[in-house]
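Here's the structure we're looking at; comments come further down.
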Amino acid sequence: MQRPRTQGNHDALEIAQRLQAVRDRLARAAERAGRPADSVTLIAVSKTVPPSRVYAAYLGGVRDFGENRVEEALPKQTELPDDIIWHMIGHIQSRKARDVVGHFALTHSVDTVHLAETLQRRAETAEVQVPILLEVNVSGEASKEGFAPDALSAALTALSGLSRLTVLGLMTVAPIAATPDDVRWVFRGLRELRDQAAAAFPSLRLDHLSMGMTDDFEVAIEEGATLVRVGRAIFGERPT
Ligand SMILES: *Cc1c(COP(=O)(O)O)cnc(C)c1O
């Protein structure tokens with residue numbers, strides 16, 4: 001790779017300060033929940049963020065980055081250090097599934113059995129194992145992707161036949177809310193679904209709960225998040 005140049009020290013300083021604030025918030029939330037801060041991984045969501053600013057966050061110590069579009073993520077990956085742990089967090093169209101396999105440490109957004117089957121076929125060809133989370137539409141909003149909560153058990157049964165996929169847990173996106181406490185039930189709901197699934201499928205290790213973003217990650221941590229996906233609090237507002 002070529003090291004992306006950060007624009008003077010400006011990006012680096014601004015992002016270092018934002019990161020410090022996010023890490024403080026994360027540590028305080030973990031403490032409130034009686035959990036060690038290192039039980040929560042901060043994923044910096046770098047969608048729409050140019051490589052120079054992503055690199056500034058890397059210099060600030062971040063190693064986990066999340067992208068929501070394969071066609072944006074893959075070119076960025078070639079410009080950034082090899083030890084970055086890339087997370088796919090966005091909806092994946094079936095025809096893009098082939099590009100996901102082998103390029104992400106964890107795919108959070110598996111939202112249909114059909115997509116899982118497509119990933120499985122591609123992973124067989126590539127002879128790789130694909131770590132995934134299942135996205136669950138806990139809030140039930142029509143605009144959201146994800147398995148309905150009452151479809152999760154059937155999905156896990158279907159996926160148990162897909163040997164190339166390793167299910168490591170669940171992911172959800174909470175609705176936009178006036179206050180973070182308004183969506184606590186969504187995060188609690190995901191945790192309860194995970195606990196039920198873990199009991200019903202004892203051979204699976206459903207350790208991960210990917211939940212919580214800039215506006216609500218502290219509440220998500222209080223409810224058991226192991227992976228928080230934070231964009232704006234680290235990189236600032238995205239262009240609309
Ligand atoms: C954009 C995005 C995030 C980050 O959102 P912020 O509000 O910027 O923290 C998290 N998860 C998903 C799935 C996203 O698309």
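FYI, it's all coordinate maths here, none of it is from the lab. Quick caveat: nothing in here was measured; it's all calculated off a predicted structure. In this analysis, Cβ positions are derived from the backbone assuming ideal geometry, glycine residues included, and neighbour counts consider all displayed protein chains.
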Counting Lys and Arg as +1 and Asp and Glu as -1 over every other residue whose Cβ sits under 13 Å from the Cβ of A148, the net charge comes to -4
The Cα extents of the chain along the principal axes, largest first and rounded to whole Å, are 52, 43, 32
Asserting the computed 222 nm helical MRE of the chain (DSSP H runs at least 4 long, -39500 (n - 2.57) per run, divided by residue count, to nearest 500) equals -12000 deg cm²/dmol
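For the chain, what is the percent of antiparallel DSSP beta bridges, rounded to the nearest 5? Numbers along the way, then the final one.
Working: 0 of 25 bridges.
Percent antiparallel among DSSP bridges in the chain is about 0.
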With Cα springs under 10 Å, the Gaussian network model of the chain assigns the largest mean-square fluctuation among H87, H114, H103 to H114
In order over the range 166-173: 3J(HN,Hα) from phi, Karplus 6.51/-1.76/1.60, θ = phi - 60°, whole Hz, x for each Gly or Pro, gives 10, 7, 10, x, 10, 9, 8, 10
Once normalised by the length of the chain, the mean sequence separation of its alpha carbon contacts under 8 Å that are 6 or more apart gives a contact order in percent of 21 percent
